[in-house]
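Accompanying notes for the structure given below.
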């Protein structure tokens, strides 16, 4: 079994989990997991613009989080969902994440 990576900002992640009680794509209220749009392994930060609450479990390729891992949801689509929640454009959402990652955008 793969070991989960610890969040870089555990307080933020706990608060996000409490504030979001359903999948942001399909509205399911069970088996919820936080999904990074740009994965932590690729340097994706723990920030509102880079995460979504999705149903899963991703490990079993189920629900929306599983669809993400199977490539059925594009990064662009996921940024659109995050941007809609925050009230900005998907392009601005992605720019904020990439700036946080150190890209000079």
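The values are calculated or read from the model by the stated rules, or taken from the named source; none is laboratory data. Bear in mind the structure is a predicted one, so any value in this text is a computation, not a measurement. For neighbour counting, all protein chains shown are included, and Cβ atoms are generated from backbone atoms with ideal geometry for every residue, glycine included.
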- Task: Check off (1) touching a strand residue (DSSP E or B) at 6+ places or on another chain (Cβ under 9 Å); (2) within 23 Å of residue 98 (Cβ to Cβ); (3) part of a helix (DSSP H, G or I) for residue 17 and give me the number that stays unchecked.
- Result: (2)
- Item | Any chance residue 82 is outside any helix (DSSP H, G or I), under 15 Å from the mean Cα position of the chain (by Cα) and buried (at least 20 other Cβ atoms within 10 Å of the Cβ) | no
- Name the pairs whose Cβ atoms lie under 6 Å apart, with the first residue in region 7-23 and closer than 12 Å to residue 48 by Cα, the second outside any helix (DSSP H, G or I) and modelled with pLDDT of 95 or more, and 6 or more positions between them or separate chains? 20/53
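Collect the residues in region 35-49 that are in contact (Cβ under 8 Å) with a residue 40 or more places away in the chain and not in a loop (DSSP other than H, G, I, E, B), keeping them in residue-number order.
Residues satisfying the conditions are 35, 49.
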- Message: When you check residue 77 against the structure, is it in contact (Cβ under 8 Å) with a residue 12 or more places away in the chain and either on the phi < 0 side of the Ramachandran plot or not in a strand (DSSP E or B) (or both), yes or no?
- Response: no
- Note on the structure: Residues of region 60-79 being over 15 Å from the mean Cα position of the chain (by Cα) and surrounded by 13 or more Cβ atoms within 10 Å (Cβ to Cβ), in sequence order, are 61, 62
- Of the residues that make up region 50-71, is at least one in contact with a helix residue (DSSP H, G or I) (Cβ under 6 Å, 6 or more places away or on another chain), closer than 21 Å to residue 10 by Cα, assigned to a loop (DSSP other than H, G, I, E, B) and at pLDDT below 95? yes
